[in-house]
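Right, one structure below, let's go through it.
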Amino acid sequence: MKGVLLVNLGSPDSTSTKDVRKYLDEFLMDERVIDMAYWKRFLLVKGIILNTRPKKSGAAYKKIWWDEGSPLIVLSERFTEKFKQKVKIPVALGMRYGSMSIQKGINELHEQGVTEIFMVPLYPHYAMSSYETVVVKAEEVIAKDFPSIKLETFPVFYNDKEYINTMVESIQRHLEGIDYEHILFSYHGIPERHIRISDTTKSHCQLDGSCCNKPSEAHKTCYRHQCFETTKEIVKQLNLEGKTYSNSFQSRLLKDPWLKPYTDFELEAFPEKGKKKIAVITPAFVTDCLETLEEIAMEGKEQFLEAGGEKYFHVPCLNDDDKWVDTVVKWTKNWENNKN
Ligand SMILES: C=CC1=C(C)c2cc3[nH]c(cc4nc(cc5[nH]c(cc1n2)c(C)c5CCC(=O)O)C(CCC(=O)O)=C4C)c(C)c3C=C
Ligand SMILES: [Fe+2]
Ligand SMILES: [Fe+2]
């Protein structure tokens, strides 16, 4: 029997320092997130980061937490409920980190007799710290505990026609009546080093603007290229002119160079450049979460207004948008009918 596993990143169980520490421990000890030799990662994460960050992150989570729980989890559950109504096969939701694990999701499907899983990682773009780690984890769980299950994973969908149309419709709906003169596409950042590690050609990605427009095999796993493509496709349909939009990367951790330009620097510089009314879109996330609700909608707004900005609007993620649900249903039905 066929079944679907939807996978998102996951959140702590609560905003308490203890729960946030447990979540960050699993997240940051992932070798695809902090890519150091095990002993170095162990010392950095357990010896340094976990001593201070859980309290700080817990306070940030408190600012966005809902009565029902983490927005990322609640919104993913709402999406899943709507999705279940539209397909006839078993569906489960799993998270890469935290209690609602991929293991639990696969087990839930297994108990319903599922032998073939269609997994949709809810990430439009390929990064070793997002899409790749989900695939590796699911494959490990299946090899260890469910060897008879066949797994097929939906590819990244950064330039998929249906996804782009869904984004464009949602953006147009949210921006109706909003007074803005510039759109910032703010993507989750990754360390520049990760771009080089994921470059399958080992020579294409230069990180200097010279490579992302040249066709290459490397783009199949190039986060930077894929983010730029998402923006290009969206602005094409929105008919935006060159100087009225730009890209940036947010959520840096540690001191290594991350993808540039940095969102916080851009937000502080816009007013001086005459861009005083902006809208921010966060396409790396299909679900609103700490990084969009706190970092962009709250902190980003404050930084922009303090620097002299006048109007600031964050466009919500797709969340449980009906057209978005229908898009993932369509991908699923194509898989059921061997059309993907
Ligand atoms: C969009 C995909 C994501 C990529 C790529 C990604 C890379 C990445 N993240 C960190 C560190 C942290 N990220 C945190 C939160 C967080 N990250 C994503 C998505 C991607 N991360 C989401 C959806 C969220 C929000 C989770 C939620 O519960 O709402 C956090 C935790 C919060 C904090 O302490 O700031 C950390 C830490 C690294 C190091 C990285 C790539 C190397
Ligand atoms: Fe992250
Ligand atoms: Fe590139």
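The values are calculated or read from the model by the stated rules, or taken from the named source; none is laboratory data. Worth saying up front: this structure is predicted, and the values here are computed from it rather than measured. Backbone-built Cβ (ideal geometry, glycine too); neighbour counts: all protein chains shown. These area figures cover heavy atoms from the full protein model, side chains too; ligands, DNA and RNA do not enter into them. Shrake-Rupley method; radii C 1.70, N 1.55, O 1.52, S 1.80 Å.
Among the residues of segment 56-77, which ones are under 18 Å from Leu254 (Cβ atoms) and not hydrophobic (A, V, I, L, M, F, W, C)?
Residues satisfying the conditions are Lys56, Ser57.
What tally of residues in segment 190-202 results from selecting those that are assigned to a helix (DSSP H, G or I) and more than 18 Å from the chain's Cα centre (by Cα)?
3
Would you point out the residue of segment 161-180, among those that are closer than 16 Å to Trp324 by Cβ and without any contact (Cβ under 8 Å) to a residue 40 or more places away in the chain, that is nearest to the chain's Cα centre (by Cα)?
Per the criteria, the residue is Lys161.
Give the residues of segment 1-40 that are under 20 Å from Arg252 (Cα atoms), surrounded by 16 or more Cβ atoms within 10 Å (Cβ to Cβ) and more than 16 Å from ligand 2 (Cβ to nearest atom), sorted by residue number.
The answer is Arg21, and nothing else.
Among the residues of segment 7-39, write down those that are more than 9 Å from ligand 1 (Cβ to nearest atom) and not in a loop (DSSP other than H, G, I, E, B).
Selection gives Val7, Thr17, Lys18, Asp19, Arg21, Lys22, Asp25, Glu26, Tyr38, Trp39.
How many of the residues making up segment 266-312 are more than 28 Å from Ser70 (Cα to Cα) and free of Cβ contacts under 8 Å to residues at least 60 places away in the same chain?
11
Restricting attention to segment 61-94, and to residues there that are more than 18 Å from Leu318 (Cα to Cα) and within 18 Å of the chain's Cα centre (by Cα), which single residue is nearest to ligand 1 (Cβ to nearest atom)?
The residue in question is Tyr61.
Condition first: open to solvent by 30 Å² or more (accessible area, probe 1.4 Å), under 14 Å from Tyr180 (Cβ atoms), touching a residue at least 40 places away in the same chain (Cβ under 8 Å) and not acidic (Asp, Glu). Can you find one or more residues in segment 228-241 that meet it?
yes
Looking only at segment 203-252, which residues are in a loop (DSSP other than H, G, I, E, B) and among the aliphatic types (A, V, I, L, M)?
Hits for segment 203-252 are Leu207, Leu240.
Restricting the first residue to segment 78-90 and requiring it to be more than 18 Å from Asn337 (Cα to Cα), which pairs with a second residue that is modelled with pLDDT of 95 or more and open to solvent by 80 Å² or more (accessible area, probe 1.4 Å) meet a Cβ separation below 8 Å and a spacing of at least six or different chains?
What qualifies is Lys82/Asp322.
Please go through segment 110-160 and pick out each residue that is hydrophobic (A, V, I, L, M, F, W, C) and open to solvent by 40 Å² or more (accessible area, probe 1.4 Å).
Within segment 110-160, Ala143, Leu151 qualify.
Going through segment 301-329 one residue at a time, which ones are open to solvent by 20 Å² or more (accessible area, probe 1.4 Å) and not in a loop (DSSP other than H, G, I, E, B)?
Lys301, Glu302, Gln303, Leu305, Glu306, Lys311, Tyr312, Phe313, His314, Asp322, Lys323, Asp326
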